[in-house]
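Peer 1: Just passing along the structure, written as structure tokens.
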Amino acid sequence: MELKQYAALFWRWAWLIILAAILAAGTAYLTSSAQTPVYQASTQILIDQAPDSRTSEYTNILTSERLARTYVELMTTRPVLKETLERVGDGIDVDTFRTMVNVSIVRDTQLMQLTVDHTDPKMT
């Protein structure tokens, strides 16, 4: 096939390519405008214990990493979430709030990542 034949074939089906692009853009616009915006706030928390001269630096770091894993589990427990909701005063239930909160460990560090997603920008 020559270059002229490819160009003729492209121009023959150009309307279909343009129509598909317009439909895809329209669908994407309608879908994104219909969605509720979700706002996100996040922070990192350093978990460290008081220095102890009797143990090595490596042992302190390992202990802090284990402590961080414990804190991650504790931060998503019902009492902690309930107290947080009482201080914030949003009026949502604890189970709903649990789905909005994500707590994770930053791998091989003493850091914890806390993220909250909410549809109200004042709450994040």
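Each reported figure results from applying straightforward, stated rules to the coordinates on display, with no laboratory input. Not measured: the values here are computed from a predicted model. Please note: Cβ atoms are built from the backbone with ideal geometry, for glycine as well, and neighbour counts cover all protein chains shown.
Peer 1: For a test of the definition: using alpha carbon positions, the gyration tensor, and the 1.5 limit on a/c, classify the chain as rounded, prolate or oblate.
Peer 2: Oblate, since a/c reaches 1.5 and b/c is not below a/b.
Peer 1: Could you state the angle between the C-alpha long axis of helix 14-34 and the longest principal axis of the C-alpha atoms of the chain, as a value from 0 to 90 degrees rounded to the nearest 10?
Peer 2: 30
Peer 1: Normalised by the number of residues in the chain, what is the relative contact order in percent for Cα pairs under 8 Å and 6+ residues apart?
Peer 2: Contact order relative to length: 33 percent.
Peer 1: Where the centroid of each part is defined by its Cα atoms, how far is region 88-120 from region 1-30 in Å?
Peer 2: So the two Cα centres are separated by 45 Å.
Peer 1: Grab the DSSP H runs of the chain that are 4 residues or longer, score each as -39,500 (n - 2.57), total them, divide by all residues and round the 222 nm result to the nearest 500 deg cm²/dmol. List each step's numbers first, then the result.
Peer 2: Working: 5 runs with 68 residues, N = 124.
The helix-only estimate for the chain comes to -17500 deg cm²/dmol at 222 nm.
Peer 1: Identify, among 21, 105, 33, the residue whose Cα sits farthest towards the positive end of the charge dipole of the chain, taking +1 on the Cβ of Lys and Arg and -1 on the Cβ of Asp and Glu, with the dipole about the Cα centre.
Peer 2: Farthest towards the positive pole: 21.
Peer 1: If each of residue 43 and residue 73 carries a label point 7 Å out from its Cα toward its Cβ, how far apart are those two points in nm?
Peer 2: With each label placed 7 Å out from Cα toward Cβ, I get 2.4 nm.
Peer 1: How large is the dipole of the chain about the Cα centre if only Lys and Arg carry +1 and Asp and Glu carry -1, each at its Cβ, rounded to the nearest 20 debye? The partial results should precede the final answer.
Peer 2: On the way: 11 positive and 14 negative charges, 92 e Å.
Taking the Cα centre of the chain as origin, the dipole is about 440 debye.
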